[in-house]
Structure formats: structure tokens, C-alpha cells
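Comments concern the structure below.
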Amino acid sequence: MDVEILARIQFAFTVAFHYIYPPLSIGLGLVMVFMEGMYLRTKEQVYEQMARFWTKIFALTFGIGVATGIVMEFEFGTNWATYSRYVGDVFGSALAAEGIFAFALESGFLGILLFGWNKVSPKVHFIATLGVWLGSMFSAVWIVVANSWQQTPAGYHIVGEGLNARAEITDFWAMVFNPSSVDRLLHVWVGAFLAGAFLILSVHAWYILKNRHIEISKKAFKIALAIAAVASLSQLLTGHKAADGVAHNQPAKLAALEGHFDSLAVADMFLLGWVNKETQETMGIKIPGGLTFLLYQNFKTPVKGLNSFPENERPTALNAIFQFYHIMVAIGIFLIALTLYASVQCWRGKLFQQRWLLWVFVWAVLLPQIANQFGWFAAEMGRQPWVVYGLLRTSDALSKVVTADQILFSLIMFFLIYLLLFTLFIYLLNKKIQHGPEDGSDLQDHRPKLQEMAKALNV
């Protein structure tokens, strides 16, 4: 393989692995805020138990997320030096803002979150939990802003020529609120809420099935289910809004997502299918004119197709983009149906008697992760052949001195190291889940008892 393909594979692999953890941190943080909020309101110790338990798992995901995120910044310099020089002022400002406004907030409160139990008041600890969660949300803001600028550049001008050309910010807020940033940020946030909520649903469904920690699991399950139900419905709205933005700003990507070639025809909406790039046909189960209706609220307006773009400006992996996008959508619809059905059963008081449904939730933990990954794949592959849409081609963004052998060697090393990290993560996660939440007696501060024992010994 050539340098470009290997560099893209390496970056995709490292980002995909990293992207397992930040959504979990954001989603877990939100549910932990609700758990501690319930403890403050009711003073019931069961809510403190669940908050303590999930704080430990949050710390595990946060630590691996930070470690794997640093690697990508080095890859910009090693494999994508031309890209780094071209967008350094833009991308660097967003990363700097993340460090100053987001990571500092998150890490500043993290110590209180992890070690402040029995050392600060419940209200102060709740504020720390809220601060950590808001910090993780703000981190997503600046990362999505930087990536969205590559999709829909705004607030910049180009200085220099040839290899010395680079983008400079002329309007910081126009860069931040570029045409796709808000829509994509909302979509990412809600996907993260689903990832965290479904991890909690999975673990507590398993506890209930195994007849362990029943009281705490039923309460935690209901909190996570409420968040998952709202988030799954919200994802439908944010996804539709993001698709409208893609239709307006990146019509070639939209055509690739739906396998639409003919610019003179209305666009069908495929439920599932297969794209034949050679014959320029998409076969499958479809709603005739469905995409046209979603975009224009009629069944007559043609939608710009792939054949209206020069061949060298079309995404190349059309079928992969199509499949990734439609799997993401299918998972989203399934999660809506699952959470709404479970919510109805909860309202009827029959939720925890349906073992088959609890087993579905045990395994459904994988679905938000798959949807998040495939959505990102579809978005980034659909932008090709541009690394900065309409400005810088991916093939021109590479480092000029890096070789295919060097990238291949580092890719193999990353694979082995990340495999080790993932194995360690699963081992530690399983260990914490097997141990389970501490019972009420374990949550008491043992210092008074130790003092009494010390006095007794002195006597």
C-alpha cells in the first residue's frame, strides 16, 4: 500500500480506538450528575452507592481516553505535516481552547470527584461531578469545532502560495460557528449520552438477571433508561438536522450516503441496499422519493447526484460509506423502539419481570458504540478526497519525507499496544463489575471506629 492509504488507516485506527472512551466519559458523567442529584434531593444512601460505583468506572474510561488522545496530536506532525502547516492556526486555536477552557475544568474537579468522598460535603462533591461532566462536554465542543471547520471552512483567509500556503483565522467566532459545527456537536453529544446510558443499563440489567444488587440496580436502571429514551428520540432530530446541513454544504457527501447518482431524478431513501459503483446503481429496499421528501417536503424536486461532480471530486468508497451510514441509522431506530418499549413496561410495572428484555439491554451496550464509530466513518470518508473540504486534498496533506514502511511499522506497534490497553480495560472493567457497588456499611467513614479502637487499646 502507498503512503496515503497507510497514513489514513493509521489515523482512522487510532481515532476509532480513542473514540470508544470520550463518549463513555460524557455519557457516564451525565448519569452520575443525576445520581448525585437524586442523593442530594432524597438523602437515600442507595443513590450515593451507585454514584460511587460509577465514579470508579468513569475514572477508568477517562484515564485511557486521555492517554490515547495524545497520540493523535503527534500523528499530525509525523504523517500529516503539510496539513498541520496548512491548518495549524485554525486547528491549533481549537486545541488550545480545549486545553484552557475544557480540560483544565475537567481535570481540576477530577481530584475532588475521585477522592473527595467523606472529605467534602455532598453539595461540593456534586459541584465537582458537574464540573467534570461540563469539562468533558466542552472538550467535545472544541474537537468538533476543529473537525467541522474541515468539513465547512469559515472565518479564514489563505496566505502564502504553494507549499507555504496556510489558512489564517480572520473571524474566530465565524470559525467556531461554522455552518456544520452546531448540528454536528449536538449529534455527537447525544451519541455520547447514549453510550454512557447504555453501559449503565447493560451492567444493571445483568445484576438484576443474576439477582445481585437488586435495589440499587432497579433505581439506576430507571435513571439511565429515562436518559436513554430522551437521547434516542433527540438523536433522530439532531441526525435529521445534520443531514439537512450536509445536503446544503456537502452535496457530494449526501449523494454518497444515499447512493444517489442521477441529478435529474428525485432521490429515494434506502432502508438497506448495495451500491454498485461501476454501473452507478443502488439496489435494495427503498422508499421512492423518500430523501427528496425529507429535504424539500415534496416528492418532485431532484436531488444533486454523484454524476454531477467531476470523478476526481467524488468520494471513492461509495458502498462502504452507504453501509456505515445506514447501519448507524438502523441502530438509532432500534434504540428508539427499545427504550420506548422498555419505558412503557416500566410505567406498567412489568419491566423487571421480562428477562428477555433485560438480556437485550445487556448486549445493547455495543450498539451506541457501533453507531458512533460508523457515523464517524461515514462523515470522514464522505468528505474525501478533501481533508479540508474544497481547499486541501488528502493526497496533498501528507508529510513529504515519511515512508510507507515507517507508517506500517508504527501502525503494527499501535495495534499491539492498543490491543494490550483494550484487554486491560476490559479486564479492569469486568473486575469492577464483578465486585459491584459497595453496600451501605462500606460507605461509612471508619475513622470514628478506629479512634474508639485506639482508645480501647490505650486502656
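The values are calculated or read from the model by the stated rules, or taken from the named source; none is laboratory data. Just so it is clear, the model here is predicted, and its values are computed rather than measured. Glycine also receives a Cβ, built like all others from the backbone with ideal geometry; neighbour counts cover every protein chain displayed.
A few points about this structure:
- The conditions of being in a loop (DSSP other than H, G, I, E, B) and of a type in the set (A, V, I, L, M) are met by Val120.
- Among the residues making up region 148-164, those that are surrounded by 21 or more Cβ atoms within 10 Å (Cβ to Cβ) and either part of a helix (DSSP H, G or I) or at positive phi (or both) are Ser148, Trp149, Gln150, Gln151.
- Only a single item in (1) surrounded by fewer than 21 Cβ atoms within 10 Å (Cβ to Cβ); (2) touching a residue at least 24 places away in the same chain (Cβ under 8 Å); (3) within 22 Å of the chain's Cα centre (by Cα) is not met by Thr78, and it is number (3).
- Scanning region 68-87 for residues that are modelled with pLDDT of 85 or more and more than 23 Å from Gly162 (Cα to Cα) returns a single hit, Thr68.
- Subset tally (residues that are at pLDDT below 95 and within 27 Å of Val329 (Cα to Cα)) for region 197-215: 0
- When Leu340, Leu335 are screened for being buried (at least 21 other Cβ atoms within 10 Å of the Cβ), at pLDDT 95 or above and in contact with a helix residue (DSSP H, G or I) (Cβ under 8 Å, 6 or more places away or on another chain), only Leu335 passes.
- If you go through region 73-127 and keep only what is in contact with an Asp or Glu (Cβ under 9 Å, 6 or more places away or on another chain) and closer than 21 Å to Leu28 by Cβ, you end up with Trp117, Pro122, His125, Phe126.
- Any chance Thr14 is under 24 Å from the mean Cα position of the chain (by Cα) and not basic (Lys, Arg): yes
- Among the residues listed as Leu264, Leu194, the single one being of a type in the set (A, V, I, L, M, F, W, C), at pLDDT 95 or above and touching a Pro at 6+ places or on another chain (Cβ under 8 Å): Leu194
Yes/no matrix, rows are residues, columns are (1) in contact (Cβ under 8 Å) with a residue 12 or more places away in the chain; (2) under 23 Å from Val387 (Cβ atoms); (3) among the small types (Gly, Ala, Ser):
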| position | (1), (2), (3) |
| --- | --- |
| Val15 | yes, yes, no |
| Gly29 | yes, no, yes |
| Thr42 | no, no, no |
| Asp89 | yes, yes, no |
| Ile100 | no, no, no |
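- For beta carbons closer than 9 Å, sequence separation of 6+ or different chains, a first residue in region 407-427 that is on the phi < 0 side of the Ramachandran plot and of a type in the set (A, V, I, L, M) and a second that is loosely packed, with under 14 Cβ neighbours inside 10 Å and part of a helix (DSSP H, G or I), the qualifying pairs are Leu421/Ala67.
- The number of residues in region 339-355 that are within 28 Å of the chain's Cα centre (by Cα) and without any contact (Cβ under 8 Å) to a residue 60 or more places away in the chain comes to 2.
- Conditions (1) part of a loop (DSSP other than H, G, I, E, B); (2) touching a strand residue (DSSP E or B) at 6+ places or on another chain (Cβ under 8 Å); (3) surrounded by fewer than 19 Cβ atoms within 10 Å (Cβ to Cβ): number failed by His260: (3)
- None of Gly305, Gly289, Gly273, Gly284 is more than 24 Å from the chain's Cα centre (by Cα) and buried (at least 20 other Cβ atoms within 10 Å of the Cβ) except Gly305.
- Looking across region 173-202, just one residue is closer than 19 Å to Leu340 by Cα, out of contact with any Phe, Trp or Tyr (no Cβ under 9 Å at 6 or more places or on another chain) and β-branched (Val, Ile, Thr), and that is Val190.
- Only one of the listed residues (Ala220, Ala226) is surrounded by 21 or more Cβ atoms within 10 Å (Cβ to Cβ), within 30 Å of Trp347 (Cβ to Cβ) and of a type in the set (A, V, I, L, M, F, W, C). That residue is Ala220.
- Pairs with Cβ under 8 Å, 6+ apart, first in region 208-222 and on the phi > 0 side of the Ramachandran plot, second crowded, with 17+ Cβ neighbours inside 10 Å: His213/His204; His213/Tyr207; His213/Pro437
- Test result for Asn298, surrounded by fewer than 19 Cβ atoms within 10 Å (Cβ to Cβ), out of contact with any Gly (no Cβ under 8 Å at 6 or more places or on another chain), part of a helix (DSSP H, G or I) and polar (S, T, N, Q): no
- In region 306-354, the residue that is nearest to Ile370 (Cα to Cα) out of those that are of a type in the set (S, T, N, Q) and outside any helix (DSSP H, G or I) is Thr316.
- Of note, Phe58 does not satisfy the criterion of being more than 14 Å from Trp133 (Cα to Cα), surrounded by 21 or more Cβ atoms within 10 Å (Cβ to Cβ) and either of a type in the set (S, T, N, Q) or at pLDDT 90 or above (or both).
- Residue count, region 81-114 (criterion: crowded, with 16+ Cβ neighbours inside 10 Å and either farther than 30 Å from Leu398 by Cα or of a type in the set (S, T, N, Q) (or both)): 9
- Out of Thr394, Thr403, sole residue that is surrounded by fewer than 16 Cβ atoms within 10 Å (Cβ to Cβ), of a type in the set (Val, Ile, Thr), more than 16 Å from Leu209 (Cβ to Cβ) and touching a residue at least 12 places away in the same chain (Cβ under 8 Å): Thr403
- Set side by side, the residues Trp142, Trp173, Trp117 differ, and just one is buried (at least 18 other Cβ atoms within 10 Å of the Cβ) and among the hydrophobic types (A, V, I, L, M, F, W, C), which is Trp142.
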